[in-house]
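The values are calculated or read from the model by the stated rules, or taken from the named source; none is laboratory data. All figures in this text were calculated on a predicted structure; none of them were measured in a lab. Positions of Cβ are backbone-derived with ideal geometry, glycine not excepted, and every protein chain shown enters the neighbour counts.
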Amino acid sequence: MEVNNHIRITEKGIEASLEVYIFANDGCEIAYSPALDIFGYGKTVKEAKDSFSIVIKDFFESCIRRKTLDEYLLSKHWTRKKEESLFVSPQVIAMAKSNDKFRNILSAPQFTKRTIPYKHSLSYC
């Protein structure tokens, strides 16, 4: 069973579970979330994951500050569930059809897929 990427907005902050693909490209390790179309990179897998953690934190904080998270997620074909605070991304097949970059990653001979939980308290002012 395929796990959905999901983001829940709570009173305390954002909780997310994202599938992140780790792969090598031109001597760099890349950590890429096709559901959000963001990435981190470094010389090692650890550096790529650390970079991704910084990027995802900055991404969410920027979206909350500018009040654009809903708009961004909907533009990436996420759906809002009945419970208004929960968003779910499209399935991998749908993302690959609409994202050439991701389709190329999936066809690469080796990559690692990891689900990275993300929890962070953010102010909503």
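Values as computed for the structure displayed
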{"quantity": "Candidates 39, 102 - the one that is touching a residue at least 24 places away in the same chain (Cβ under 8 Å) and not charged (D, E, K, R)", "calculated": "102"}
{"quantity": "Identity of the residue in segment 75-97, out of contact with any helix residue (DSSP H, G or I) (no Cβ under 6 Å at 6 or more places or on another chain) and under 16 Å from residue 38 (Cβ atoms), that ends up modelled with the lowest pLDDT", "calculated": "90"}
{"quantity": "Search result, residues across segment 75-95 that are outside any loop (DSSP other than H, G, I, E, B), touching a residue at least 12 places away in the same chain (Cβ under 8 Å) and either closer than 13 Å to residue 14 by Cβ or more than 13 Å from the chain's Cα centre (by Cα) (or both)", "calculated": "86, 87, 94"}
{"quantity": "Within segment 47-74, considering residues that are under 14 Å from the mean Cα position of the chain (by Cα) and among the polar types (S, T, N, Q), the one nearest to residue 35 (Cα to Cα)", "calculated": "53"}
{"quantity": "Test: residue in segment 8-20 that is crowded, with 19+ Cβ neighbours inside 10 Å, more than 12 Å from the chain's Cα centre (by Cα) and either modelled with pLDDT under 90 or basic (Lys, Arg) (or both)", "calculated": "yes"}
{"quantity": "Selection count where residues are modelled with pLDDT of 85 or more and assigned to a strand (DSSP E or B), scope segment 25-43", "calculated": "11"}
{"quantity": "Unmet requirement for residue 7, which otherwise passes all of (1) under 19 Å from residue 103 (Cα atoms); (2) in contact with a strand residue (DSSP E or B) (Cβ under 6 Å, 6 or more places away or on another chain)", "calculated": "(1)"}
